[in-house]
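The values are calculated or read from the model by the stated rules, or taken from the named source; none is laboratory data. Please read all numbers here as calculations on a predicted model, not as lab measurements. No Cβ is skipped: glycine too gets one built from the backbone with ideal geometry, and neighbour counts run over all protein chains shown. Each accessible area value is taken on the protein alone, full model and side chains, heavy atoms only, with ligands, DNA and RNA left out. Shrake-Rupley method; radii C 1.70, N 1.55, O 1.52, S 1.80 Å.
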Amino acid sequence: MTKIRTIFQQYLHGPVPGAALGLFRIMVAAFALLQLVVLLPNWALLFGEKGIIPWVISDALATKHIVPLSGLTSLFTRIGMGTEAVVTGVSILYAVSLLGLLLGYRTRVMAITAWLLHGMLCATAHLTAYGVESFLHIALFYCMVFPVGVSKGLDSHRRYYQQVSPATITLCIRVLQCHLAIMYAASGIEKALGEQWWNGDAIWIALQQEQFRQADTTWMAGHPWLPKLLGWATVLLETTYVFTLNHRPTRKIALCAIVGMHLFIGVFLGLHLFALLMILLNLSAFGWKVFPGIFNPAPGHRKTAV
Amino acid sequence: MFGSIRFRYLLAGVHLLMVALYAGHFIEWSPLPGKATTALTTIGDYTGSSNIYSFFAPGLSNQPYVVYVLRSPDGKEKKYDFAAGNAEFANRLNNIYGYYAIPESRDIIAPCLARTLLNQQRDFDAVKVVMVIQYIPNLKEYAAGERTQWHFWFEKVFARDSTAKPVLP
C-alpha cells in the first residue's frame, strides 16, 4: 500500500520542466495557424453565412451547444455591422490571437480569445468538422487554463509566471497525459470489439476507401498478414498506451510507435493535419520525458519542480 | 488562476472524470435527468470533455461518395471535383457525405452544395448530384476474386432557379 502511495505521490509531484508547457503552447498555436493558412482559400465556403452549408441550415442541425457565428452577428448587426464584416473580423482576430499565443504575448488573453473563436468557428461549420477540430479545441482549452506562458514566451519573465508553482506545472502535464490515455484507451477498446481490427479488414478497407486512398495498396491482399499485423498493433498500442507511456523501459519505443501510427495515418490515409496534431500532442505530453535534451531548460532556469 | 492547488486537483479530477464518462458514451446511458445531461454536455462542449473517440471503431462501413456533373445551357456536361487541389477541404467535404446516407439530411444538404457549385460556375445552369456507395470486398473476398464496386444510391438535378434559395427543413 505504501509503495502504491509513493508511486502515486511521485506521479503527482514528480518534476516536470516548465518548457514542456511552453513548447505545448508553441506547437498548438503554430498548428492552428498552419490550419488557418491551409483552409484560407476555402474559408468563406466553410464559415461564411452563404457557404456550402448556409448558417440557417447548420444552426438548425447543430448538435453541440457552443454559440455559432450567427449568434455573434445578431449582436453586431444591431450596430450596423454586416455579416461578412463580422466573419472577417472574427477571422482576423482569431489569427492575431494565435500569433499572440505563439509568441507568448498576453498569453492568457490570447488563449481565451483563440479558444472562444475557434469554438464559434467550429460550431458554425460543424457539419464539415472532424477529429482535428475536436483535438484542437481541447488543446486550445488547455492553453487557456494552463499557465502556458511560463516558458519560451514574451510573458515568461512576468511576475505571474515567475510565481507559478512547480506542482501546477506537473498537474497540467498530467492532465494532458491522462486525457490522451483515456482517449486512446476508449478508442482501442472500441476497435477491439470489432472483428475487422483482428482480421486485418479495417486497415485494408481504410486504405481502399476513395476518400483516404493515397496510393495503390491492393498488393496488400496478397500479404494478408500485413494489414492483420497493423490492426493488432493499433489495438495493442492504443489499449496499452497508459501503461507503456508511463513505464520508463517502454516509454521511448511506445512514443515512437504512436508517432509512427499517426505518420501512417497522415501519409497513407491523407489525414495530414489530424496526424500532425496528434503527433504534436503526444510530443507535448511525453516528449519532455523521452527527449529531455530538447525540453529541459538551460542550467540555472528555475522552472523545474523539486 | 483557479485558487489553491487542492482546488486545482479537484477541478482536474472532475474534468478527467467527464472525459472518461463521455468517452464511454455517457450520453447513451446517462442516469441523470435530460436537463442535467444537457448542462453537463454544454460544459463538455466548451471544455473539450464531451467527445467520443470511436475513430474507425468498431469497424469501417461502405463509403458514400458524391459526384457532381455540371450542365451548360447548350447541354454540355462536365464532371466537377469540388475540392480539387485541397486535401484538407476534401476531408471536410467527405465528412458531409456521411449525412447523404440519411434521406432527411440528404434532402437538405444536397441542394446546398448544388447551389454553392452553381454560384461558383456561372457558365452552367444545372448540376446533377450523384451519390454512389463504394463497396469494398474484405481481404478474403478480394482473394477470391471480388473487386471494389460502386453502387448507385441516388441522383438529383438542381437547376439554377430552383437552387437559388436553400431548402429549409
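Assorted remarks:
- Ligands, DNA and RNA excluded, the heavy atoms of residue A:289 present near 60 Å² of accessible surface to a 1.4 Å solvent probe.
- Across A:50/B:76; A:50/B:79; A:152/A:289, pairs whose alpha-carbon gap is larger than 20 Å: A:50/B:76; A:50/B:79
- With each label modelled as a point 7 angstrom along the Cα→C-beta vector, the residue A:44-residue A:9 pair spans 6.3 nm.
- Cα-based Rg / Dmax (Å) for segment A:1-125: 19.4, 66
- Since only B:38, B:86, B:10 are under comparison, the one whose Cα sits farthest along the positive direction of the charge dipole of segment B:1-134, derived from C-beta charges on Lys, Arg, Asp and Glu, is B:10.
- Our helix-only sum for chain A, with -39,500 (n - 2.57) per DSSP H run of n ≥ 4 divided by its residues, gives a mean residue ellipticity at 222 nm of -22000 deg cm²/dmol.
- Remark: spin-label model distance residue A:219-residue B:119 equals 4.6 nm, labels positioned 7 Å along the Cα→Cβ axis.
- Label-to-label distance, nm, for residues given as residue B:144 and residue A:193 (7 Å Cα→Cβ offset): 2.8 nm
- Net charge of the neighbourhood of residue A:196, taken over other residues with C-beta under 14 Å away and scored Lys/Arg +1, Asp/Glu -1, is -1.
- With a Förster radius of 45 Å applied to the beta-carbon distance between residue A:81 and residue B:104, the computed FRET efficiency rounds to 0.85.
- Note on segment A:1-77 and segment A:140-179: Cα centroid distance 17 Å, given to the nearest whole angstrom.
- 3J(HN,Hα) along segment A:65-81, derived from phi through the Karplus expression 6.51 cos²θ - 1.76 cosθ + 1.60 where θ = phi - 60°, amounts to 9, 7, 5, x, 4, 4, x, 6, 5, 4, 6, 6, 5, 5, 9, x, 8 Hz, with x in place of Gly and Pro.
- Per-q log10 I(q)/I(0), segment A:209-264, q = 0.13, 0.14, 0.17 Å⁻¹ (Debye; single scatterer per alpha-carbon; no solvent): -0.43, -0.49, -0.66
- Whole-number accessible area per residue in Å² for segment A:38-102, which is evaluated in the context of all protein chains at 1.4 Å: 48 Å²
- Each pair of Cα atoms in the protein assembly as shown enters the Kirkwood radius, and Stokes-Einstein at 4 °C and 1.567 mPa s then converts it into a translational diffusion coefficient of 54 µm²/s.
- The heavy atoms of residue A:157 present about 130 square angstrom of accessible area, all protein chains included, probe 1.4 Å.
- Of B:136, B:43, B:102, the residue with the greatest mean-square motion in the GNM of chain B, using alpha carbon springs below 10 Å, is B:43.
- Chain B - accessible surface per residue (Å², probe 1.4 Å): 52 Å²
- Structural size metrics of segment A:114-232, computed from C-alpha coordinates, are Rg and Dmax of 20.6, 63 Å.
- Rounded to whole numbers, the Karplus 3J(HN,Hα) couplings from phi for segment B:100-109 are 5, 5, 9, x, 4, 5, 4, 5, 8, 7 Hz, using 6.51 cos²θ - 1.76 cosθ + 1.60 with θ = phi - 60°, and x at Gly and Pro.
- Heavy-atom SASA rank of A:174, A:108 (probe 1.4 Å, accessible area, largest first): A:108, A:174
- Cα centroids of segment A:186-203 and segment A:263-295: 22 Å apart.
- Phi to ³J(HN,Hα) by Karplus 6.51 cos²θ - 1.76 cosθ + 1.60 over segment A:198-208, Hz, x for Gly, Pro: 8, 9, x, 5, 4, 5, 4, 5, 4, 5, 8
- Inverse mean reciprocal Cα-Cα distance (Kirkwood Rh) of segment A:179-278, Å: 14.1 Å
- Helical content of chain B, expressed as a calculated mean residue ellipticity at 222 nm, amounts to -13500 deg cm²/dmol (DSSP H runs of 4 or more residues, -39,500 (n - 2.57) each, divided by residue number, nearest 500).
- Peptide ranges B:78-84, A:19-25, A:207-213 listed from the most packed, as the mean C-beta count within 10 angstrom indicates: A:19-25, A:207-213, B:78-84
- Here the Gaussian network model covers chain A, with springs between Cα atoms less than 10 Å apart; of A:261, A:81, A:110, A:81 fluctuates the most.
- More than 18 angstrom apart: percent of Cα pairs within segment B:30-139: 65 percent
- Rounded percent of accessible protein surface that carbon and sulfur make up, segment A:59-133, 1.4 Å probe: 71 percent
- Evaluated over segment A:1-56, the Cα radius of gyration and Dmax, each in Å: 21.8, 63
- To the nearest 10, the accessible area of residue B:147 is 120 Å² with a 1.4 Å probe.
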